[in-house]
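The values are calculated or read from the model by the stated rules, or taken from the named source; none is laboratory data. Everything quoted here is computed from the prediction, not taken from an experiment. Cβ: placed from backbone, ideal geometry, glycine included. Neighbour counts: every protein chain shown. With ligands, DNA and RNA removed, areas are computed over all heavy atoms of the protein, side chains included. Shrake-Rupley method; radii C 1.70, N 1.55, O 1.52, S 1.80 Å.
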Amino acid sequence: MSRNLDVVNPDEKTGSYHLKVFLKSMGVMLGLIILTLICLVPIYLIVVNAFRTEQNITNTALSFLPEFGTKMQIDGEMKDVNAWQVLVQNLHTAKVRLQFDALPGFRNSLIISVSSTILTIFFSCLTAYGLCVYDFKIKDSAFTFVVAVMMVPTQVMGVGFIRFMMNFFGMKLTGTYWPLIIPAIAAPAVVFFMCQNMKSTFPFDIIEAARIDGCGEFRTFLTIGLPMLKPAIAVQAIFAFVASWNNFYTPQLILGSSTDRSWEKRTMPLMIAGVLSNDNVRDKGAQAAVISLSILPLIIAYVTLSRFIIEGVALGGVKE
Amino acid sequence: MPSNAARRIKSISYARYGYYFIIPFFIVYILFQFWPLIQTFIIAFYGNTDLGNVNGDGSRIQNLKYTDEFVGFQNISELLFNNNNESAGRSIRVNSTDFWQSLENTLILWIGNFLPQISLSLLLAVWFTDAKIKIKGKGFFKVIMYLPNIITAASVAALFKTLLDDTPKFPGPVNGFFMDLLGRDLKADQPFTFIANITSEQPWLPRASVMFIQTWLWFGNTMLMLMSGIMGINGSLFEAADIDGANSWQVFVHITLPLLRPIMLYTLVTSMIGGLQMFDIPLLFRQGPTFASVNPNLRTIAVFIFSKFQADKVKNAWGYAGAASVILFVMTSILGTIAFYINRDKDALAKKKQIKKLIKQQKIKAQKATLGGYSGL
């Protein structure tokens, strides 16, 4: 055993080994920097274009800096403007001519995402707690069911979903937020994750102790179960929120009809899609302003929470 | 000694609370997901699903009713084979080549984004976990590479559409950059058809764009999954290989790859299921206002289904949407079963097998012993 440890890579002492490691590290760093640029440049270009006038974009398509001090047509006359004024004007164009109203868009998206995240987290914890803490007849088959339906995608049932929502026991739910919020109660993947988490970390004895102290079952869940699951909740809440915020398919089904009253209820992704499909207005500056505005809040939130998110993805990867 | 209270509590059955706790989940699941799925299956077998009153502008759907007629497998068989002869009375026809085209598109787009994605992610994951390579700012790179996955797909489609815009005379910045590079005139020449709405003569440029976008979106996610897989491999194996003088390629081929296979297979199948649902990017990466203007080479199955019951404000098309959904469901379930099979608890299964084997062996031993005992007969 000890002899093995003495065997050293013959190159190691000669210095050529260090050189090799150094060169390899440099090569890897170069590759990583190129990839970083590929990730960031498209986003950067759009943000820059938000500060440029349509005229300038048509003249020189690719520019890494906005033109400082340029002319722009405002209220019918050419004026000298700086980059910030261009941005404001671009957003104005977007609002007037592309029907892109940022504030209602954010508000609608927030209402839907926040409520469905809360529902997903609360009810998934509740279900996982029920499946893990109690012993009852259908426990195992219920868990198997949750795992089995985890993979069934929403796209497959779109046809039936929209039909059912058009006539939900006599109510018309299309054009309302309910079909986008209520289904969040049933999130099989989150239940599965919470179950795995509880099985590996939850101190089940504490529940017995709470019972002896006369604590009701539901209160035990609220005051002991939920706080114990906090780390898992943090990770899953972020993912549930992002998924709901980014969802395009279901909102398009429910709120997509343009003549319905659902027009002002549109979420951010629907508004972006609307800007995209507007063929009459080809103002690239306004389009870029709209896209930047929709991306930036997400990027800011991501950068502040990135540590949790990166850890969360790794956790999700080892599902065994 | 357990106290009186503890003894009393032991005797109470808490089973009913289990039912109370899980019932909201199951009610909502059955109502909002399971029942719609059943409805989709029902719709798939009906011919004339009437959209109800359509207004003069052909847009407003008021109430939905069946003007029924059960057609059995006609929808599905028409999607697959288009046997035109026996479907008289149906005002909307479906072209099976459209459906097959959408299947083909989905497959091509998925393969074209999965292969570069998995190779890039694998390379990066190996780099990030290699102790011999010194990378400064690992955390920073990881954060940046996962960033595209956070951004709304609709915004991503919009972003790349504006960058690659191929409207004559008004090319997007990146398209213009490529034109400059090849000496084309921005105002006079035809831009590269990265999106191309009407003509489908050059299928590969738009497809390549979508493949690039999908790879751009997902490689960070796959990389982090593979990294956690590599970090789960016993580190002493790498040390042993290092001491034996294996180079990094040998370590990769003989240690990392074989031990990473389960997680790679899992990634493959989940990515395939995700690829079958590919919807946002192909639908929004288009020129033109309506869903009909999606490039035919980018029309995936999900887009096909969607266009059959949303964009086509006509009678009769819902049955086809349902039928295509059923076909998609069958494909997904097959893949899902494979994923489930791969992902099952192998240790537990192995233990069960071993126990069975032991019992069998003991039985055989016992039999032999009894046989031996009677061999004198």
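General observations
Here is a yes/no grid of residues against (1) more than 27 Å from B:Phe25 (Cα to Cα); (2) in contact (Cβ under 8 Å) with a residue 12 or more places away in the chain:
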residue: A:Met194; (1), (2): no, yes
residue: A:Ile207; (1), (2): no, yes
residue: A:Arg211; (1), (2): no, no
residue: A:Lys230; (1), (2): no, no
residue: A:Ala234; (1), (2): no, yes
residue: A:Asn246; (1), (2): no, yes
residue: A:Ala288; (1), (2): yes, yes
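- Residues of region B:201-231 that turn out to be of a type outside the set (Asp, Glu) and exposed (fewer than 15 other Cβ atoms within 10 Å of the Cβ), as a count: 4
- Among residues of region A:22-38 that are under 10 Å from B:Trp127 (Cα atoms), those with a beta-carbon under 8 Å from a residue that is part of a helix (DSSP H, G or I) and open to solvent by less than 80 Å² (accessible area, probe 1.4 Å) at least six positions away or on a different chain give the pairs A:Val28/B:Trp127; A:Leu32/B:Leu124; A:Leu32/B:Trp127; A:Leu32/B:Phe141.
- Some residue of region A:189-203 being touching a helix residue (DSSP H, G or I) at 6+ places or on another chain (Cβ under 8 Å), of a type in the set (Gly, Ala, Ser) and either surrounded by 14 or more Cβ atoms within 10 Å (Cβ to Cβ) or within 25 Å of B:Gln33 (Cβ to Cβ) (or both): no
- Selection status of A:Met151, at the interface with chain B (Cβ under 7 Å from one of its Cβ atoms) and out of contact with any Pro (no Cβ under 7 Å at 6 or more places or on another chain): yes
- Search result, residues across region B:262-292 that are in contact with an Asp or Glu (Cβ under 9 Å, 6 or more places away or on another chain) and not in a helix (DSSP H, G or I): B:Gln287, B:Gly288, B:Pro289
Residue-wise test of (1) at pLDDT below 85; (2) open to solvent by 10 Å² or more (accessible area, probe 1.4 Å).
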{"site": "B:Phe114", "(1), (2)": "no, yes"}
{"site": "B:Trp127", "(1), (2)": "no, yes"}
{"site": "B:Ala131", "(1), (2)": "yes, yes"}
{"site": "B:Val143", "(1), (2)": "no, yes"}
{"site": "B:Thr152", "(1), (2)": "no, no"}
{"site": "B:Leu159", "(1), (2)": "no, no"}
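- Any hit, region B:80-98, residues being within 8 Å of another protein chain (Cβ to nearest Cβ) and at pLDDT below 80: no
- All conditions but one from (1) more than 10 Å from chain B (Cβ to nearest Cβ); (2) surrounded by fewer than 21 Cβ atoms within 10 Å (Cβ to Cβ); (3) modelled with pLDDT of 85 or more apply to A:Trp263; the one that does not is (3).
- Residue match in region B:199-211 (condition: of a type in the set (A, V, I, L, M) and without any contact (Cβ under 8 Å) to a residue 40 or more places away in the chain): yes
- Residue that is most open to solvent (accessible area, probe 1.4 Å), among those in region B:265-308 that are in contact with a helix residue (DSSP H, G or I) (Cβ under 8 Å, 6 or more places away or on another chain), more than 13 Å from B:Val210 (Cβ to Cβ) and of a type in the set (S, T, N, Q): B:Thr290
- Meets criteria (of a type outside the set (Gly, Ala, Ser), under 30 Å from B:Thr332 (Cβ atoms) and either open to solvent by less than 70 Å² (accessible area, probe 1.4 Å) or in contact (Cβ under 8 Å) with a residue 24 or more places away in the chain (or both)) for A:Thr127: yes
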